[in-house]
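Notes follow once the structure below has been shown.
The values are calculated or read from the model by the stated rules, or taken from the named source; none is laboratory data. Remember, it's a predicted structure, so these values are computed and weren't measured experimentally. Neighbour counts are summed over all protein chains in view; Cβ atoms, including those assigned to glycine, are modelled from backbone coordinates with ideal geometry. Side chains included, ligands, DNA and RNA excluded: accessible areas come from the protein's heavy atoms. Shrake-Rupley method; radii C 1.70, N 1.55, O 1.52, S 1.80 Å.
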Amino acid sequence: MTKTNKSTPAAEAPLLTEEQILKMSDKDYMNPAQMAFFKARLQALEKELLKNAGETTEHLRETVLVPDPADRATIEEEHALELRTRDRERKLLKKVQQSLIAIDNGEYGWCEETGEPIGIPRLIARPTATLSLEAQQRRELKQKLYGD
């Protein structure tokens with residue numbers, strides 16, 4: 001298997017299921033049907049993340065004045081937790097958008113370090129993965145040994 005640039009998949013065909021994609025052979029890796037599957041999955045994730053961000057903005061605008069300091073502290077802690085969650089989602093949104101660009105460029109599904117296939121099971125579990133499992137393990141081991 002080698003990395004090749006392929007055009008954007010046709011939108012007319014119905015999307016495959018995870019089971020159908022997992023049953024495909026290695027020679028079908030990142031064919032138009034698989035690209036369409038992952039593009040749809042990433043677009044749905046992007047839409048959900050953007051919706052959550054909008055809800056957080058609206059929720060934080062709803063200022064409730066409570067006289068009890070304990071209640072105020074609870075509300076502030078809830079807001080802080082919500083903001084931390086949105087910050088993680090903001091970082092994930094950036095990765096999702098980068099993955100969508102990689103799909104459009106025909107580079108999605110290939111390891112950034114080795115050029116090897118990342119693998120369908122890994123992409124199903126983590127659609128924003130940019131490294132094969134082996135490359136990710138090497139990177140984590142280096143970080144553990146030498147720090148960031």
Scope region 117-136; condition touching a residue at least 60 places away in the same chain (Cβ under 8 Å) and part of a loop (DSSP other than H, G, I, E, B); matching residues: Pro127, Thr128
I want to confirm something. Restricting to region 1-38 and keeping residues that are farther than 25 Å from Leu93 by Cβ and either in contact with a Ser or Thr (Cβ under 6 Å, 6 or more places away or on another chain) or acidic (Asp, Glu) (or both), which single residue is modelled with the lowest pLDDT? Glu12
If I ask for residues that are assigned to a helix (DSSP H, G or I) and within 14 Å of the chain's Cα centre (by Cα), which ones from region 101-110 would you list? Ile101, Ala102, Ile103
Take region 11-45 and flag every residue that is aliphatic (A, V, I, L, M) and loosely packed, with under 14 Cβ neighbours inside 10 Å. Ala11, Ala13, Leu22, Ala44
Quick check on my filter: what residues within region 91-115 are out of contact with any Lys or Arg (no Cβ under 6 Å at 6 or more places or on another chain) and in contact (Cβ under 8 Å) with a residue 40 or more places away in the chain? Leu92, Leu93, Val96, Gln97, Ser99, Leu100, Asp104, Asn105, Glu107, Tyr108, Gly109
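Residues are listed down the side, and each one gets a yes or a no for (1) in a loop (DSSP other than H, G, I, E, B); (2) surrounded by fewer than 19 Cβ atoms within 10 Å (Cβ to Cβ); (3) not aliphatic (A, V, I, L, M):
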| site | (1), (2), (3) |
| --- | --- |
| Thr85 | no, yes, yes |
| Glu89 | no, yes, yes |
| Leu92 | no, yes, no |
| Ser99 | no, no, yes |
| Glu112 | yes, yes, yes |
| Arg139 | no, yes, yes |
Qualifying positions in region 46-55 - surrounded by 14 or more Cβ atoms within 10 Å (Cβ to Cβ) and either touching a Pro at 6+ places or on another chain (Cβ under 7 Å) or not hydrophobic (A, V, I, L, M, F, W, C) (or both): Glu46, Asn52
Matching option when the condition is out of contact with any Asp or Glu (no Cβ under 9 Å at 6 or more places or on another chain) and either of a type in the set (A, V, I, L, M, F, W, C) or within 22 Å of Ala33 (Cα to Cα) (or both), among Ala125, Ala135: Ala125
Pro69: touching a residue at least 24 places away in the same chain (Cβ under 8 Å) and either under 17 Å from Glu18 (Cβ atoms) or open to solvent by 30 Å² or more (accessible area, probe 1.4 Å) (or both), yes or no? no
Within region 39-73, track down each residue that is at pLDDT 90 or above and polar (S, T, N, Q). Gln43
